[in-house]
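Worksheet for the structure shown next.
The values are calculated or read from the model by the stated rules, or taken from the named source; none is laboratory data. All values reported here derive from a predicted model rather than from experimental measurement. Glycine gets a Cβ as well: all are built from the backbone with ideal geometry, and neighbour counts include every protein chain shown. Areas reflect the complete protein model, heavy atoms only, side chains present, ligands, DNA and RNA absent. Shrake-Rupley method; radii C 1.70, N 1.55, O 1.52, S 1.80 Å.
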Amino acid sequence: MDILKQLKEVTISVLPIAVFASVLSFFLGVMDGGEFMGFIISCVLVIAGLTIFLTGADVGLLPMGTRIGTTLTKSRSLPILLAVSAILGFIITVPEPDVQVLASQVNQISNDIPIPVFICAIAVGVGIFLALSLARTILSLSMKVILFVSYLVIFTCAFFCDGFFVSVAFDSGGATTGPLSVPFIMAIGMGVASMRKHSEEAEFGYVAMSSVGPVLAVLILGIIFGSGGSMPDTAEASADIGLLTLFGEKLGGVGMSFFPLLVVCILMQVLFIKMPHTQAIRVFVGIFYSFIGLVIFFTGVEYSFSDVAKELGVALADYPILLYSSGFIFGLCVVLAEPAVIVLTGQVEEISGGHIRKPIMLATLCLGVGLAVVLSLIRTVYSLPILLFLVPGYILIMVSMIWTPGLFSAIAFDSGGVATGPMSSTFLLPLAIGAASGTASASLASSFGMIAMIAMMPILLIEILGIVYKARLRKAERGGR
């Protein structure tokens, strides 16, 4: 376990967020000395948590997910394979922390949909589309065609759904691709692809397709249950919680997240995989590392990160230009601290044989998220309809997909999913909520959709990167003749 390498990468990623937030906070008078110390403690916990989580993911979650995918593929019954994968997708999603947070936020705004119904709908959507993504690999179906048809159905439903639920639906697609589910879903897909000996394209797209199902599921709920209810005019102030108390809460919450997954891993190991004891112990130690890492990470984020972001949003609302420019910089910084982004970019570089370099992927993702945050803040301040941004954006994505190489299309949609991790929902979304609270003409409902915008922009930019890469490759081939 190369924990020192992970520590170096995570520190370099988180440090810009801490420095910029501190400078802005002191400039705007948001934090005093005591609050600043709390923020520093949060930064230390975030760095430690991410480091431990990523180390554990490399050793435990990714190898186990790959072995489960390989084991599932050995089944000669396609219905059994799809049924088991759908169940796995459901089990992974229900306890996902980001999904739990989003469900709680939605419930504070609208009581029309009970929290269990909301979460189960999202989980069912993930399970069905994870199974569909595996069927795509096994049956050699076109991911482009599946995504085109899926989004055509989604936007058709969106026009019959309340605007609030449209925002929540697309946010749901991003919330499902958290630090717990992404490594596992990608590893399962890669295991299936490796057994089937398909092209590199087949090893991507699982996260993208798994995040489509929740969008459609929540839109259907929105159509069934009607309007999005009423939104309070002001944000509720959060009570002060001690660090140890918060750690205990996260220990229980993340424990609930990991328990079903742990049970599945144990059953798969005992009944099917049957790794040697030494190897199995190493894998489960890695899973335990991931568990502890997430507990520390979420403790650090909620101890001060979210509050500082919300207070910054309120203060910056009086200075629109500074709000947008700060949001852009935060978007650039935050994407670097997402656990799933670091996992994805490393896997992309390895699987593509170095053709798609990690720095290029990171730079493109940073630019996409930065632009998405700016557009989201503009929409929040002026309370603009979410479809005004999503419809043109996805039209460009679908048109660009025609000329984008298949591998880049799969990577692009995966990138949109992994960019919307816990840092986005616990720092950038509170920033938008704060901006809405500090703007008299804005409603808190308009702050929803931030995650949806962050999921959309990287897709378009990665597709453009793929088109440029394809053109350069053709030019090089003609020059070599």
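Worth pointing out:
- When residues of segment 72-85 are limited to those that are touching a residue at least 12 places away in the same chain (Cβ under 8 Å) and open to solvent by 30 Å² or more (accessible area, probe 1.4 Å), the one farthest from Leu262 (Cα to Cα): Leu78
- When the criteria are applied in full, Thr51 fails the requirement of being over 19 Å from the mean Cα position of the chain (by Cα) and either buried (at least 21 other Cβ atoms within 10 Å of the Cβ) or part of a helix (DSSP H, G or I) (or both).
- Hits in segment 365-374 (condition: under 10 Å from Ile454 (Cβ atoms) and either of a type in the set (Val, Ile, Thr) or open to solvent by 10 Å² or more (accessible area, probe 1.4 Å) (or both)): Val369, Leu371, Val373
Per-residue answers, yes or no, for (1) surrounded by fewer than 23 Cβ atoms within 10 Å (Cβ to Cβ); (2) within 15 Å of Ala208 (Cα to Cα):
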| residue | (1), (2) |
| --- | --- |
| Leu134 | no, yes |
| Ser142 | yes, yes |
| Ile146 | yes, yes |
| Ser150 | yes, yes |
| Phe155 | yes, no |
| Phe159 | yes, no |
| Asp162 | yes, no |
| Val166 | no, no |
| Ser172 | no, yes |
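- Subset tally (residues that are assigned to a helix (DSSP H, G or I) and open to solvent by 20 Å² or more (accessible area, probe 1.4 Å)) for segment 416-475: 17
- Within segment 110-121, being in a helix (DSSP H, G or I) and either open to solvent by less than 20 Å² (accessible area, probe 1.4 Å) or of a type in the set (Gly, Ala, Ser) (or both) holds for Phe118, Ile119, Ala121.
- Residue in segment 69-81 that is more than 30 Å from Pro405 (Cα to Cα) and hydrophobic (A, V, I, L, M, F, W, C) present: yes
- Every pair of residues 6+ apart whose Cβ atoms lie under 7 Å, when the first sits in segment 246-266 and is charged (D, E, K, R) while the second is part of a helix (DSSP H, G or I): Lys250/Val295; Lys250/Phe298; Lys250/Thr299
- Count of segment 25-35 residues which are open to solvent by 10 Å² or more (accessible area, probe 1.4 Å), under 18 Å from Leu431 (Cβ atoms) and assigned to a helix (DSSP H, G or I): 4
- Yes/no for Val254 being surrounded by 16 or more Cβ atoms within 10 Å (Cβ to Cβ), at pLDDT 80 or above and within 21 Å of Val149 (Cβ to Cβ): no
- Candidates Asp58, Asp112, filtered to the one that is under 23 Å from Ala410 (Cα atoms) and acidic (Asp, Glu): Asp58
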